[in-house]
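Below: the structure, in C-alpha cells.
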Amino acid sequence: MSERLSDATLATLPPEVTRPAYDRASVTPGVVHLGIGAFHRAHQAAVFDAALAAGDLRWGILGVSLRSAGVRDQLVPQDGLYTLVERDGDRRRLQVIGAVQTVLVAPEDPEAVVAALASADTHLVTLTVTEKGYKLDPATGALIEEDADVAADLASLDAPRTAPGFLVAALARRRAAGLAPFTAISCDNLPHNGARLQQAVLRMAAAHDADLAAWIEAEGAFPQTMIDRIVPATTDADVADLADTLGVEDRAMVKTEPFTQWVIEDRFAGPRPDFARLGVQLTDAVAPWEEAKLRLLNGAHSGIAYLGGLAGIDFVHEVVALPEGRRFVERLWDEAASTLSPPAALDVAAYRGELMARFANPALQHRTRQIAMDGSQKLPQRLLATIAARQAAGAPYPALALAVAAWMRWQGGVDDAEQDFTVDDPLAARTRAALEGAENADARVAALLAIDAIFPPALAGTAEVRQTLAAWLHRLEAEGARATLARL
Ligand code: CS2
C-alpha cells in the first residue's frame, strides 16, 4: 500500500473515522511544540484540535523535533495529519487530528525554529522533551552546565541546541521586537515542571543578558502542569492494522487509551484557548495533582517496568494480571497514598481503581521496556521522594524499596533468564562504572546510592534505606523477580 493519509485522501476514509471539520487552510500557528513525539500527538494536540473544531482557529501547531527527522518524515508527507487510535479492550475509536501544520527538525535549521518561537502569532510553547531534555540534574534541579550542548548554548545562542537555549534565543528576539513573551508550558513528568523549566531558562538567559533574564522573570509565564495519558510506542503491526481500516497508510498514527487529563496552573503571559471548555482543568494548585500522579501512576509504572522487565514480561497488563503483580502495585499504592496531600477533588480510592483498570487494558500493549527507559531521571520524583516521606514518618516502605532495588538490578543489563539487554539511560555509563568491582548486593547498593545526581545524600546516608534495598537486591539476584514479588 503506498497511498498516504493526507488532505487529498481525507475524503476517502471510512465513515467511522472522525476528521477535522474546520477549514485547515485558515488555521494560524499559535502553538510551537518542542519534542513532537507520540505523547504530544495523543495528548495536547488533541486539545488544540478541539479548540480549532470549536471555531477558534488561532491554535494550529508548529511541531519541532529537537533531534531526529523521523517524525517530520512521517508527518509532512501527510500534511501534518495523523490518526489518534483510542483502544479499550475490543473497542476502538479513530480520529484524524488536523492541528499539526508542519514540523521542523531543529538541528537542520535552528534559525527557523527560533523564528517560529519569536513570531507574533505564537502565544504558547508546549514541551515534551522528556525528563532529560531539560538538562537539569535530577536530584538538585540545577542546569547541568558541563553538558556539551548546554555549554555550547551558554557560550552562544546563534544556533541553539537545547530546549532552554531555543526558548532564550527566541525570548531575546521577542523582547527586541517589543512582543510579549509566550507562555511556556512544560508537559513532562518532572516535579514542579513549570518552575524547573523557568529555572533552566533563567539560568540560560542570565548567562547572556541579565536584563533579559529580569524581563523573562517579570513578564514570562511557566505554568505548572499535570499531564496524563498512557501512550505506548506505535509498532509496524499497528500501522499495518490501521491501513486495513483506513484504506490509506498513516505512518504517524498514535495509539492510546480513552483516558486523558491535563491540569494547568492558571498563569499565562498572553492569549490561550478556552481551556476550561476543552476539558482542561485550570487551577492555582497543580502540585497536589502532580504529586499524586507521579507517586501513584508513574511510581507503580516504574516498579512494574523493572520487575516485569527482569522477569521477562513484555507488557504492563500482563504484570497486573498476575496476583503477585497486582498485590505489589496495591502495596506500593498503600505506601505512597499516605504521603500525599490530595486535592479535594481527587478521590484517591476511586483514582486507584481507575488506574488499575487502565494498567489492565490489554489493547494498549504497553511495553515494560518502554517505561524502563531513563530510570535515573524518573526515580527521584516517582519513588525516592515517596520513600523519604515514609521514612520521615517512621513508616515502612517495602514495596517502594523493592521497586528501587529492581531498578538497581536492571542497571546490570542482564535479566532473570540471563539475557543481556542495553540499559537505555543517560547515566548508564555511570551506573555501569559504579557496579564494576562491587562484589555483592550490599556493595552494589552502596555504589549506586553514591550517585548523588540520582539519590539525595540524606536518603543515601540512611542505614535503614541501605539495608532494606540490599535485602531486596540480594533476593532479586538469588531468586528472580517473580519469586521475590511473591514474597512481598
Ligand atoms: C510512563 C509514562 O514511560 C513512562 O515512564 O510511566 O510515560 C506514563 O505512561 C505517562 O506519564 C502517563 O500519563
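The values are calculated or read from the model by the stated rules, or taken from the named source; none is laboratory data. As the structure is a computational prediction, the values presented were derived from the model and not from experiment. For neighbour counting, all protein chains shown are included, and Cβ atoms are generated from backbone atoms with ideal geometry for every residue, glycine included. For the accessible areas, the whole protein counts, side chains as well, though only heavy atoms, and no ligand, DNA or RNA atoms are used. Shrake-Rupley method; radii C 1.70, N 1.55, O 1.52, S 1.80 Å.
Numbers at a glance
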| item | result |
| --- | --- |
| Failed condition for PRO323, given (1) open to solvent by 40 Å² or more (accessible area, probe 1.4 Å); (2) within 19 Å of the chain's Cα centre (by Cα); (3) not acidic (Asp, Glu) | (2) |
| VAL280 being open to solvent by less than 30 Å² (accessible area, probe 1.4 Å) and under 30 Å from LEU5 (Cα atoms) | yes |
| Answer from ARG369, ARG358 - the residue that is of a type in the set (D, E, K, R), within 16 Å of the ligand (Cβ to nearest atom) and surrounded by 20 or more Cβ atoms within 10 Å (Cβ to Cβ) | ARG358 |
| Filtered residue count, the stretch 229-260, keeping only those that are part of a strand (DSSP E or B) and either at pLDDT below 95 or within 16 Å of the ligand (Cβ to nearest atom) (or both) | 3 |
| Selected residue (only one of ILE264, ILE216 is closer than 30 Å to PRO160 by Cα, away from the ligand (no atom under 16 Å from the Cβ) and buried (at least 18 other Cβ atoms within 10 Å of the Cβ)) | ILE216 |
| Residues located in the stretch 20-55, provided they are more than 23 Å from GLU86 (Cα to Cα), open to solvent by less than 40 Å² (accessible area, probe 1.4 Å) and assigned to a loop (DSSP other than H, G, I, E, B) | VAL27 |
| Test: residue in the stretch 231-244 that is closer than 16 Å to VAL47 by Cα and either among the β-branched types (Val, Ile, Thr) or surrounded by fewer than 17 Cβ atoms within 10 Å (Cβ to Cβ) (or both) | yes |
| Hey, PHE166 away from the ligand (no atom under 16 Å from the Cβ) and closer than 30 Å to PHE259 by Cβ or not | no |
| Single unsatisfied condition, LEU383 versus (1) within 13 Å of the ligand (Cβ to nearest atom); (2) open to solvent by 10 Å² or more (accessible area, probe 1.4 Å); (3) among the aliphatic types (A, V, I, L, M) | (2) |
| Any chance ASP121 is charged (D, E, K, R), farther than 17 Å from ALA205 by Cβ and open to solvent by 10 Å² or more (accessible area, probe 1.4 Å) | yes |
| Residue count for the stretch 162-199, restricted to those that are of a type in the set (Lys, Arg) and in contact (Cβ under 8 Å) with a residue 60 or more places away in the chain | 1 |
| Search result, residues across the stretch 261-316 that are over 24 Å from SER376 (Cα atoms) and part of a helix (DSSP H, G or I) | PHE275, ALA276, ARG277, LEU278 |
| Residue match in the stretch 386-394 (condition: over 21 Å from ARG295 (Cα atoms) and of a type in the set (Val, Ile, Thr)) | no |
